[in-house]
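Asks: Below you'll find the structure I mean.
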Ligand code: GLN
Ligand code: ZN
């Protein structure tokens, strides 16, 4: 049986984030369109060359994008929403492409949302016109790869089911579907004519919950596409297939399954076998996490699969596209060699695949040499503490009603208290000074003095505005997760481990390799300094355990739940120190709680249960007088409102302004009793909201919430904004709260 090696997608951003620089340069008019395209092509040529050189047989093309692959699909098929008024039957110009992605004065961009349960964000296509193949992007990539790198690449295309499932549809579905299948067909036929042999149709949506109608649509689409005579690999990832038996019997040549996240796929192979006339593509090394693969274990697994399934051929590949990993561990330089030896980023993953194929082919002398997979960074006391947690460790003890009275006696806040979410503008000078401090160009004393000066300014501004509950401004934090990762044991913070979040934006997720504990106080110095400057309460500000976990690469030798509890115990010490130092309100941010939700509904309960418990573990031992806040940025929480309630925070703040108050309706059905601030100021836009519009939102809130519950705040941190926008916006916000108080008093 033939064994081939493959990749599903290579990181786009470049070793030195060349794509980011070129994009931002182009947007700022510093480089030309040609220069941007040249940079993009050079990156692709380099990536293709690398993959060929190390021995990948099926090299992906069209996996690259100047912004996002869903946007590429939409523009390729002419799905330019009517509001953009594009009537040409020609490829979308680059300026329009970026307007769709980023908007411009007076025209909103496509909505952006998370790609399944990853930290990558895609643009949501809006289908309000019939499709038309404006530009065959996979064909262009295919031809370029052939010319420039001499490879017969494997075009990657988002398949029709996933494309539809992730889009907003404003048309009659029946006629849209058949027209869409036609344009797919047209694109694939040209690819075949150009000489393409393989094509990868990405259908990750097949691992979501599907119903009979969905699976029929998949069957209908692939029956048509199969007739073209290309080797279609129906590629699924991020979990196990929902309709295994039906999918494997589609009339196509190859099926790609994720064996890393989709354990059930393996059970299904055992149970139902695999057709002997099809190629089995196995996602066998992890495209979502950074731990080196135990190739002995994995090669045994493949052998086991081949005992029950007798496919026509075998393709070995990562579990999903490698865009979710940094490029190479070799870019890290001087990290602890003990940890480095255990890591695999994108390039190392591909080498694992090649080596695995050679092991399976029984090549002489190819063995997995290191068997060094035992635990590192062990702290026995931390393990013990987690092991001995009791029910009471997760309970606040005193019920909310009673806590509320005691807190009010201490805080004496007015009706509709005003506050912000934590960060204030991180202007260029703050980032520059931090960069210089990190390079050792300025000393710790000077850096700290600078941060203190900023905090003092920030407290002054907030007092001047008349806000009721103040914050220190988070000037010392580069990133809300990285900051804590640096102050906890068991975390590795990388220098170049960039992963694309969206467009030109990248994050550097820390790597949790060992047991987590606090090295020392993390926030105490800044918070107590800020509090010393004012009589009003300053909120302690901490990133929650679930967010730290979900925005990091997590060890996989112990359950995630245990890692979450370890982080929670470390944060709990910080919370208690803050309380001891006289801080009366502590906010624990959990913006990433929702995104950790498993893709399949039936698996959500378990996650929510431990996620909520991790939060409670941080907060359970504070005095009833100490007010616990939490913050989440998103709007869709109707399906998790019970879990949010279960966190038992005294006050929560959530997004509201962007979703035009859709959030508020949840409270008609769900009787929420505790304090709640529905964000009335959209911080994602430079626009200054007027007092009147803030009042409209607040009044809407008051239809379903009691006045004593309602807080007034922006919908997220102000870090990305400018002072000139923030000050008038907050002024209007405070004014709105005052007007409302006046009305109620009457
Ligand atoms: N406290 C954080 C801030 O204000 C919260 C950020 C977030 O929700 N993503 O920046
Ligand atoms: Zn937020």
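Every read-out reported here was derived from the displayed coordinates using simple, explicitly stated rules and does not represent laboratory data. Being a predicted model, the structure only gives us computed values, none of them experimental. Neighbour counts are summed over all protein chains in view; Cβ atoms, including those assigned to glycine, are modelled from backbone coordinates with ideal geometry.
Asks: Tell me the label-point distance for the pair residue 381, residue 402, using the 7 Å Cα-to-Cβ offset, in nm and rounded to one decimal.
Replies: Placing both labels 7 Å beyond Cα along the Cβ direction yields 3.2 nm.
Asks: If you don't mind, another one. If you average 1/r over all unlike Cα pairs in segment 588-640 and invert the result, what Kirkwood radius do you get in angstrom?
Replies: Numbers: mean 1/r = 0.0806 Å⁻¹.
It works out to 12.4 Å.
Asks: Taking the Cβ-Cβ separation of residue 175 and residue 102 as r and a Förster radius of 30 Å, what is the calculated FRET efficiency to the nearest 0.05?
Replies: Computed FRET efficiency for residue 175 and residue 102: 0.45.
Asks: Next question, about the same structure. What's the FRET efficiency of residue 507 with residue 444 using the Cβ-Cβ distance as r and R₀ = 35 Å, to the nearest 0.05? The partial results should precede the final answer.
Replies: Working: r = 26 Å, r/R0 = 0.74.
Plugging the Cβ-Cβ distance into 1/(1 + (r/R0)^6) gives 0.85.
Asks: Taking square-rooted eigenvalues a ≥ b ≥ c of the alpha carbon gyration tensor, is segment 163-249 rounded, prolate or oblate, where a/c under 1.5 means rounded and, failing that, a/b exceeding b/c means prolate?
Replies: The shape class here is oblate.
Asks: In nanometres, what is the gap between the two model label sites at residue 140 and residue 35, each 7 Å from Cα along Cα-to-Cβ?
Replies: 2.1
Asks: Starting from the Cα-Cα distance between residue 223 and residue 581, subtract it from 0.36 nm times their residue separation and give me the gain in nm to one decimal.
Replies: Extra length available between residue 223 and residue 581 comes to 122.1 nm.
Asks: Counting other beta carbons within 10 Å of each Cβ, put 69, 121, 472 in order, fewest first. Walk me through the numbers on the way to the answer.
Replies: On the way: 69 24, 121 18, 472 29.
With the sparsest Cβ surroundings first, the list reads 121, 69, 472.
Asks: Can you tell me the orientation of helix 212-226 relative to the chain, as the angle in degrees between its alpha-carbon axis and the longest Cα principal axis, to the nearest 10?
Replies: Between the helix axis and the principal axis of the chain, the angle is about 40 degrees.
Asks: Ranked highest first by the average count of other Cβ atoms within 10 Å around their residues, in what order do 432-444, 288-300 fall?
Replies: For the peptides 432-444, 288-300, the packing ranking is 288-300, 432-444.
Asks: Rounded, prolate or oblate, given the Cα gyration tensor of segment 339-472, with a/c below 1.5 counting as rounded?
Replies: It comes out oblate by the Cα gyration axes.
Asks: Taking only Cα atoms, what is the 0 to 90° angle, nearest 10, from helix 295-308's long axis to the longest principal axis of the chain?
Replies: Long axis of 295-308 versus the principal axis of the chain: about 60 degrees.
Asks: Given R₀ = 30 Å, what would the calculated FRET efficiency be for residue 132 paired with residue 216, taking r from the Cβ atoms and rounding to 0.05? Walk me through the numbers before you get to the answer.
Replies: Working: r = 25 Å, r/R0 = 0.85.
Given R0 = 30 Å and the Cβ-Cβ separation, E is 0.75.
Asks: What is the Cα coordinate range of the chain on the first, second and third principal axes, sorted by size from largest, in whole angstrom?
Replies: Principal axes ranked by extent give 76, 62, 53 Å for the Cα atoms.
Asks: Could I ask something else about it? Return the Rg/Rh value of segment 607-720, two decimal places, where both radii are evaluated on C-alpha atoms and Rh is the Kirkwood radius.
Replies: 0.97
Asks: What is the Cα centroid distance between segment 456-479 and segment 591-664, reported in whole angstrom?
Replies: 25
Asks: Here's something else I'd like to know. What relative contact order, as a whole-number percentage, does the chain give when Cα pairs under 8 Å and 6 or more residues apart are counted? Write down the numbers at each step before the final one.
Replies: Details: 1382 pairs, mean separation 84.0, N = 746.
Relative contact order here is 11 percent.
Asks: For segment 22-89, what does the alpha-carbon gyration tensor say about shape, rounded, prolate or oblate, given a ≥ b ≥ c as the root eigenvalues, a/c under 1.5 as rounded, and a/b over b/c as prolate?
Replies: Numbers: a/c = 3.42, a/b = 1.48, b/c = 2.31.
Since a/c reaches 1.5 but b/c is at least a/b, the shape of segment 22-89 is classed as oblate.
Asks: Starting with the fewest neighbours, write out 733, 359, 1 ranked by other beta-carbon atoms found within 10 Å of each beta-carbon.
Replies: Numbers: 733 24, 359 17, 1 11.
Going from least to most buried by this count: 1, 359, 733.
Asks: Under 20 Å from a point 7 Å along the Cα-to-Cβ line of residue 457: which residues of segment 718-746 have their amide N that close?
Replies: 718-731
Asks: Which of 99, 427 comes first, and how do the rest follow, when ranked by fewest Cβ neighbours within 10 Å?
Replies: Working: 99 19, 427 14.
The fewest-first ordering by Cβ neighbours comes to 427, 99.
Asks: Expressed as a whole number of Å, what is the distance separating the alpha-carbon centroids of segment 687-702 and segment 127-159?
Replies: Each part reduced to its Cα centre gives a spacing of 46 Å.
Asks: Could I ask something else about it? Take every DSSP beta bridge with both residues inside segment 112-202 and express the antiparallel ones as a percent of the total, to the nearest 5. Numbers along the way, then the final one.
Replies: Numbers: 3 of 8 bridges.
For segment 112-202, the DSSP antiparallel bridge percentage is about 40.
Asks: Still on this structure: P(r) tail for segment 219-274, what percent of Cα pairs lie past 14 Å?
Replies: Values: 815 of 1540 pairs.
So the portion of pairs separated by more than 14 Å is 53 percent.
Asks: Hey, another quick one. Taking every DSSP beta bridge that has both residues in segment 431-560, what percent is antiparallel when rounded to the nearest 5? Working shown, then result.
Replies: Numbers: 6 of 8 bridges.
The answer is about 75 percent antiparallel.
Asks: Moving to a separate point now. For segment 251-265 and segment 293-332, write down the distance between their C-alpha centroids in whole Å.
Replies: For segment 251-265 versus segment 293-332, the Cα centre distance is 12 Å.
Asks: What distance in nm separates the two pseudo spin-label positions at residue 2 and residue 308, each 7 Å out from Cα along the beta-carbon direction?
Replies: For residue 2 paired with residue 308, the spin-label model returns 2.7 nm.
Asks: May I ask what percent, to the nearest 5, of DSSP beta bridges between residues of the chain are antiparallel?
Replies: 15
Asks: Then there is this: Please give the contour-minus-distance gain from residue 337 to residue 600: 0.36 nm per residue of separation, less the Cα-Cα distance, rounded to one decimal in nm. The partial results should precede the final answer.
Replies: Details: separation 263, 0.36 × 263 = 94.68 nm, distance 3.80 nm.
Full extension of this stretch gives 90.9 nm more.
Asks: May I ask you to compute the full-extension gain from residue 245 to residue 720, defined as 0.36 nm times their residue separation minus their alpha-carbon distance, rounded to one decimal in nm?
Replies: 166.2 nm
Asks: Kindly express, to the nearest 10 degrees and within the range 0 to 90, the angle between helix 346-360's C-alpha long axis and the longest C-alpha principal axis of the chain.
Replies: Long axis of 346-360 versus the principal axis of the chain: about 40 degrees.
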